[in-house]
Amino acid sequence: MKKGKYCVRITKKNKAGTAGQGLLKRIYKNRAYYLLLLPFMIFLFVFRYKPMYGIVLAFKDFKIREGIMGSPWAGLKYFNQLFEAASFWEVLSNTLIISLMNLAFSWPVPIVLAIFISEIGNRRVRKVFQTASYLPHFISWVIAASLITDVLALNGPINALLGMVGRGPVYFLADSNVFRGVLILTNIWKGAGWSAIIYIAAITAIDPNLYEAARVDGAKKLQEIWHITLPGIRSTILTLFILEIGKLLSSNFDQIFNLYSPAVYDVADVLDTYTYRQGLESFNFSYATAAGFFQNGIGFVLVIISNIVVKHLSSGEESLW
């Protein structure tokens, strides 16, 4: 009996050793791919994981001379200040409104654009149109904001067109009533083409025989899109939707920071810009860290909840994990 148990233990140990050796062999065999992955992993560690120890600033009275670890503990002091500040609730409201507007209007556009591009019959025209659509992505928001400011200026071409139809000039970047609309439209212009690439790749993976069978049955183009294309990219849509939900408290900092001004703070000041001003302009690092910790914590919870909901609605077929 003892001998049998001993043999079982030896067998399990041998299997574990064999599995370990197999893993090392696979790594060595694909070493070129791992070397290509190495710079990204180093970047991820240095700029994403290593700075995470700074989260403790949210619980400390930070003193520059004493450093992060040497500063005295403050407990939940800065979280209490955060939740008691009226300005925080205003920027939280602005963040949610802008993010929900982006989710409602900006998020579906890449899906429609990808379907439109994939339906262009001429290959050369399709490539030109696709390239033109994602080209704005490579323009930094500093340059893009300068171009947008000139186009929307009081003496810019948009106001010139409004004047031709008898409408008064509108200062788009200083009018609280229209500024959020400017954010949504410029976000679509700059990001829709780049985001559509993922959906285009998913569409190309759909079996062409399905479309041929649908045409034989007399299906029209809209019916093909509704019954073949959209179901074919459903998993991609749901995955990106879950990730988008996780960013509800993270607005596009670069865009808003380069376009907004104190005149529209009441509708455009979001958690990202609020944290920036508190930390790098007011040097209230602990308070800013508490705001950032709250923002990212809620985003993490939203991703988990949205993943559970999608997994439940799709009977476990579609989810991140």
Exercise. Mind checking whether some residue in the range 205-227 is under 23 Å from the mean Cα position of the chain (by Cα) and not hydroxyl-bearing (Ser, Thr, Tyr)?
Worked result: no
Exercise. Can we say ASP217 is surrounded by 13 or more Cβ atoms within 10 Å (Cβ to Cβ) and out of contact with any Leu (no Cβ under 9 Å at 6 or more places or on another chain)?
Worked result: no
For this session: Would you mention how many residues in the range 152-190 are free of Cβ contacts under 8 Å to residues at least 24 places away in the same chain and touching a Pro at 6+ places or on another chain (Cβ under 6 Å)?
Result: 2
Problem set entry | Residue that is modelled with the highest pLDDT, among those in the range 29-61 that are touching a helix residue (DSSP H, G or I) at 6+ places or on another chain (Cβ under 9 Å), assigned to a helix (DSSP H, G or I) and not aliphatic (A, V, I, L, M) | PHE59
For this session: Look at PHE283 and say whether it is surrounded by fewer than 16 Cβ atoms within 10 Å (Cβ to Cβ), among the hydrophobic types (A, V, I, L, M, F, W, C), in contact with a helix residue (DSSP H, G or I) (Cβ under 7 Å, 6 or more places away or on another chain) and free of Cβ contacts under 8 Å to residues at least 60 places away in the same chain.
Result: no
Problem set entry | Complete set of residues in the range 266-280 that are within 21 Å of ILE242 (Cα to Cα) and surrounded by fewer than 16 Cβ atoms within 10 Å (Cβ to Cβ) | none
Exercise. If you take just the helices (runs of 4 or more DSSP H) that sit entirely in the range 83-145, which of them hold at least 2 residues that are free of Cβ contacts under 8 Å to residues at least 60 places away in the same chain and under 27 Å from THR275 (Cβ atoms)?
Worked result: 86-101
Seminar exercise, completed: Counting only residues in the range 232-280 that are touching a helix residue (DSSP H, G or I) at 6+ places or on another chain (Cβ under 8 Å) and among the charged types (D, E, K, R), the one nearest to LYS77 (Cα to Cα) is identified as ASP272
Problem set entry | In the range 195-213, the residues that are outside any loop (DSSP other than H, G, I, E, B) and either of a type in the set (A, V, I, L, M, F, W, C) or touching a strand residue (DSSP E or B) at 6+ places or on another chain (Cβ under 7 Å) (or both) | ALA196, ILE197, ILE198, ILE200, ALA201, ALA202, ILE203, LEU210, ALA213
Seminar exercise, completed: Contact list, first residue from the range 217-235 and of a type in the set (Gly, Ala, Ser), second anywhere and at pLDDT below 90 and surrounded by 14 or more Cβ atoms within 10 Å (Cβ to Cβ), beta-carbon distance below 8 Å, six or more apart or interchain, is SER235/GLU318
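The values are calculated or read from the model by the stated rules, or taken from the named source; none is laboratory data. Since the structure is predicted, the reported quantities are computational estimates derived from the model, not experimental observations. In this analysis, Cβ positions are derived from the backbone assuming ideal geometry, glycine residues included, and neighbour counts consider all displayed protein chains.
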